[in-house]
Each structure stands twice: as C-alpha cells, then as structure tokens.
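Heads up, the thing below is written out as structure tokens.
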Amino acid sequence: MQKIRIRAHAKINLYLDVVGKREDGYHNLETIFHSIGLHDDVIIRKQDPKEITVHCEHPAVPCDSRNLAHQAAQFLNDAVGGIGGISIEIQKRIPVAAGLAGGSANAAAVLYGVNELFRLGFTQETLRRFGAQLGADVPFCLHGGAAFGTGIGDELTRLPAFSDLPLLLLNPGIKISTAAVFKKLNFSLTKRENAGIIIRTHIEKRDALGIGEGLYNLLEVPVFAEYPEIAALKTELSTQAGCCGALMSGSGATLFALMQDSESARRSESHFKNRVNFCTTTVTSPVGVYIED
Ligand code: ATP
C-alpha cells in the first residue's frame, strides 16, 4: 500500500463547562463531544525523500512544522526512530480556527493513517495518548462518535453516539483565539450541578429536544460579550422553525443548531446562506476518522 485516504471529521461540543484552573495554565473542563459529518480529506503517501511534507491550499493553514498534521507525523517518526518519507495532502472543508477542531482532526487522521500505512502496530489507546501530547482535542478526534471529556478534554468516557441528527452550522467569519477566550473567563460563575449528566441521559435516550434544551457552553459568555453580533446570530438561529436548540461550538465562533429534520435544516440554510462566511447542513456522525480507500 502506497497511500491511504482518511476522512477527518470535525466535532461540536454539546456541553462545555470549565471546572477549574490548573497549575500548568490550562483549564479543567467537563464537555460532551460529538463528531459531525463535515470532514476534511487527508491523503497520506509514502515518498522517497525521507522528509515530511504537507500540502494544503487553504491560505490560513501553514504547511510547515506549525501544521498539526505535520507534528503528528513527526511524532510517530520520532517514536519509532524513523519511518521514511511521508507526504500529507489536506483537502480542507472544515472552517479554520472555528471551534470545530479542524487541525486536531487532521492530526488524528495522520496518527491513524500513518499507523495503518506503515503498519506501525500502535493500539488506538496508544495513539490517543500520543494525540494528547499534540492537542487537547486530538484524542477525541481519534475516538469519534460521542464522548464525555474531562481533564483538558483529553480524558474520555464513551457515550452512545446519536448519529444522523440534522444540524445547521454557521460561521460568521470572526477568528477567535482560544487562549484569549479562556483568559477572559470568570469561571467562578459556573456551578451547574448535574447539567452534564442530564444531557448525557438525553443522548442515551436519543431525545433531540431534550439535548436541545440542555445545550450549554460557558465560553459563550466571554465571546458574546466581545462580539454581540454572534449572540444576535444565535438568537436568530434558535428561533428558526424546526430548531431544537442552538449553541456555540468550543471557543467559537461557529454556531450550530440541532434541527428536527433535514428539510428544516435546509430551509434555515437558505435563510442564512448569503449573510455569513460559512453555512452548511450536516448530521452527527458515529466516527471521527475513517479510511476511505
Ligand atoms: P479547536 O476547536 O481544537 O480549538 P479550532 O477548530 O478552533 O480548534 P483549527 O482549525 O484547528 O482551530 O485552527 C487553529 C489554528 O491552528 C489555525 O489558526 C491554523 O493556523 C493552525 N493549524 C495548524 N495546523 C492546522 C491544520 N491542519 N488545519 C487547520 N489549522 C491548522
């Protein structure tokens, strides 16, 4: 096998609370992740020159060692003491710096794909451990489906995935720095006993309306304070016909809405399409990384 093509799925957070600050400067979270159908394609090829190269046409994505996919390949190369040449092509569809974990999904695809292509034999658990060293969302992107995340989001407990739930995604085109959001956060405000457990129960019961009512993301507070236009967009999204609930994903600025059916998702898509930077319908997905061929 000379190449492998991996679908690298984005994620949304159905719930995100910050429960403490750590000595290393990061924050401890309680979050519920779900993979979604929106994905990048990551094509990994063996190549003769013993180097790692990344190609991506998206202007905001660096192709050098700042790229998380590059870092993932380098990590595996170092872990086994040299693999050989690896070329990585990223076909980007996931909006960049948008709270959908696009970079982490690409890194997860490379860990998974390189392990398969070069028959390295690492277990999924080991790959997730490697992933945690590359970024907090990488372990979930490898895990896929639905999970409850604690620690910095890297300690995962599997939840039953609620696949094919129609979604509408909106990105207003405002780039938000995750670090800046956490800096502005007053997390002493947070005391949401059992809220995470309640939404988990709704996922288990496949109750979209219940999930919609339980959607929560503490990071909306600092982001909406700085960008009231994102708050206004969320209000408009929430009042669309067929919307079970809307929320900002991760540190934003992407908003998503859980929709009752794909028809209402499509109707709302036409309502927003020409007014925002990025707008698409998708569904919740049971997988995070997937071999296409
Ligand atoms: P998260 O939800 O994990 O916080 P995000 O979706 O907000 O992530 P990314 O799309 O991963 O953010 O991009 C964050 C930054 O990482 C970008 O500004 C980009 O320059 C850099 N980056 C590095 N590698 C990649 C990659 N493979 N794809 C996209 N961005 C990348």
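Structure values in brief
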| quantity | calculated |
| --- | --- |
| Pick from region 36-63, criterion assigned to a strand (DSSP E or B) and within 8 Å of the ligand (Cβ to nearest atom), ranking: farthest from the chain's Cα centre (by Cα) | Val54 |
| Residue match in region 85-96 (condition: among the hydrophobic types (A, V, I, L, M, F, W, C), open to solvent by 40 Å² or more (accessible area, probe 1.4 Å) and away from the ligand (no atom under 13 Å from the Cβ)) | no |
| Members of region 123-154 that are of a type in the set (Val, Ile, Thr) and in contact (Cβ under 8 Å) with a residue 12 or more places away in the chain | Val138, Thr150, Ile152 |
| Failed condition for Phe33, given (1) more than 13 Å from the ligand (Cβ to nearest atom); (2) under 22 Å from Leu142 (Cα atoms); (3) touching an Asp or Glu at 6+ places or on another chain (Cβ under 9 Å) | (1) |
| Ser188 being small (Gly, Ala, Ser), under 30 Å from Cys279 (Cβ atoms) and modelled with pLDDT under 95 | no |
| Identity of the residue in region 64-84, within 9 Å of the ligand (Cβ to nearest atom) and either part of a loop (DSSP other than H, G, I, E, B) or of a type in the set (Ser, Thr, Tyr) (or both), that ends up most open to solvent (accessible area, probe 1.4 Å) | Arg66 |
| Within region 230-249, tally of residues that are away from the ligand (no atom under 16 Å from the Cβ), over 16 Å from Ile199 (Cα atoms) and of a type outside the set (Ser, Thr, Tyr) | 10 |
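The values are calculated or read from the model by the stated rules, or taken from the named source; none is laboratory data. Just so you know, these numbers come straight off a predicted model, no measurement behind them. No Cβ is skipped: glycine too gets one built from the backbone with ideal geometry, and neighbour counts run over all protein chains shown. Areas reflect the complete protein model, heavy atoms only, side chains present, ligands, DNA and RNA absent. Shrake-Rupley method; radii C 1.70, N 1.55, O 1.52, S 1.80 Å.
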